[in-house]
1. Cα to Cα, under 13 Å, and not fewer than 8 places away if on the same chain: which aspartates and glutamates meet these conditions relative to Lys159?
2. At 1.4 Å probe size, with every protein chain present, just tell me what the per residue accessible area of the chain comes to in Å².
3. For the chain, what does the helix formula give at 222 nm: sum of -39500 (n - 2.57) over DSSP H segments with n ≥ 4, over the residue count, nearest 500 deg cm²/dmol?
4. Which percent of the accessible heavy-atom area of the chain goes to carbon and sulfur, probe 1.4 angstrom?
5. HN-Hα J couplings of region 9-20 from phi, Karplus 6.51/-1.76/1.60, θ = phi - 60°, integer Hz, Gly and Pro as x?
6. Could you go through region 129-134 in sequence order and give the Karplus-derived ³J(HN,Hα) for each residue, using 6.51 cos²θ - 1.76 cosθ + 1.60 with θ = phi - 60°, rounded to whole Hz, and x for Gly and Pro?
7. What net charge do the residues around Leu147 carry, taking every other residue with its C-beta under 13 Å from that of Leu147, with Lys and Arg at +1 and Asp and Glu at -1?
8. Less than 16 Å apart at the alpha-carbon level, and either on another chain or at least 8 residues along: which aspartates and glutamates does that give for Lys205?
Amino acid sequence: MIKDLFDLKYPIIQGAMAQVSYSSLVAAVSNQGALGTLSSYGLTGEQLKKEIQQVREKTTRPFSCNVMLQQVNSDELIEVILSENIPIVSLSAGFKPGLIQKLQENNRKVISVVGSKRQATKVIDSGTDCIVVEGNEAGGHLGNTKLETLLLDTLAMTKIPVVAAGGIMTNKDIQQKLQVGAAGVQLGTVFLLSQESSLLENSKKLLLSKKIKSEIFTKSSGKKFRAVRVKENYLPCGIGIDRINQILTVSEIIKKLNSVPNSSSDD
């Protein structure tokens, strides 16, 4: 279980969401005993440093920082993470040979986020500490494989802790993934409309209205991503967005996630 690996109360990682997973959300999640994850997407090195400092002002609990390796300044962001002594690093959207080893040599634990069996093989061979498998139910850039298939395939390949991500919204969902062998779960969408989320209030209200749904779109490059479309813009979120009926605090959300629900509380 990732509770021991990352010193957590609950086997829950908060997924990095661009322009949403900033200090208030990250600290709130970590303070509740899960692993908050700071998104570095769109930030300069200096901006990331300030966000890290703000997280530390709000919590003394473990948190991680995510770097999307396709970012043009990913090397700069990695150096900030090293200089700021972030103990847990989440890597996604790409693969750089030698980076996992470099981080581990600097006493960092590495979480590798993958969306396919091929990507999972690469990070397993590189000796990552933890693998997050994202099914195509998840928000953002994704592969073609459903979570159930990708999770079982990856579990059969390795003894490294494997974390499930994509469409997980309730205690029942979590328990189902743990029962098949997952070491934990990564949740993004469930925190998207939280009070501590940096998402604009009008966007939260629009998503609560159920007028738009999460769909898979394809970029001109051929890459697929799951989001809701708001006019000419896209807001990444998973299939579970229509199961959220109210704006709650992170504390309330995590309490619900770790309580056995009755038949009417799957929101």
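The values are calculated or read from the model by the stated rules, or taken from the named source; none is laboratory data. Just so you know, these numbers come straight off a predicted model, no measurement behind them. Neighbour counts are summed over all protein chains in view; Cβ atoms, including those assigned to glycine, are modelled from backbone coordinates with ideal geometry. We work out accessible area using only protein heavy atoms, side chains counted, and drop any ligands, DNA or RNA first. Shrake-Rupley method; radii C 1.70, N 1.55, O 1.52, S 1.80 Å.
1. Candidates past the 8-residue exclusion: Asp125, Asp129.
2. Working: 12440 Å² over 267 residues.
The answer is 47 Å² per residue.
3. Numbers: 11 runs with 92 residues, N = 267.
It comes out at -9500 deg cm²/dmol, rounded to the nearest 500.
4. Working: 5910 of 12440 Å².
Ligands and nucleic acids excluded, carbon and sulfur give 48 percent.
5. 7, 10, x, 10, 10, 7, x, 6, 10, 4, 6, 10
6. Running phi through 6.51 cos²θ - 1.76 cosθ + 1.60 with θ = phi - 60° gives 7, 7, 10, 9, 9, 9 Hz.
7. Working: positive: Lys117, Lys146, Lys177, Arg226; negative: Glu134, Glu137, Glu148, Asp153, Asp173.
It works out to a net charge of -1.
8. Glu196, Asp242, Asp267
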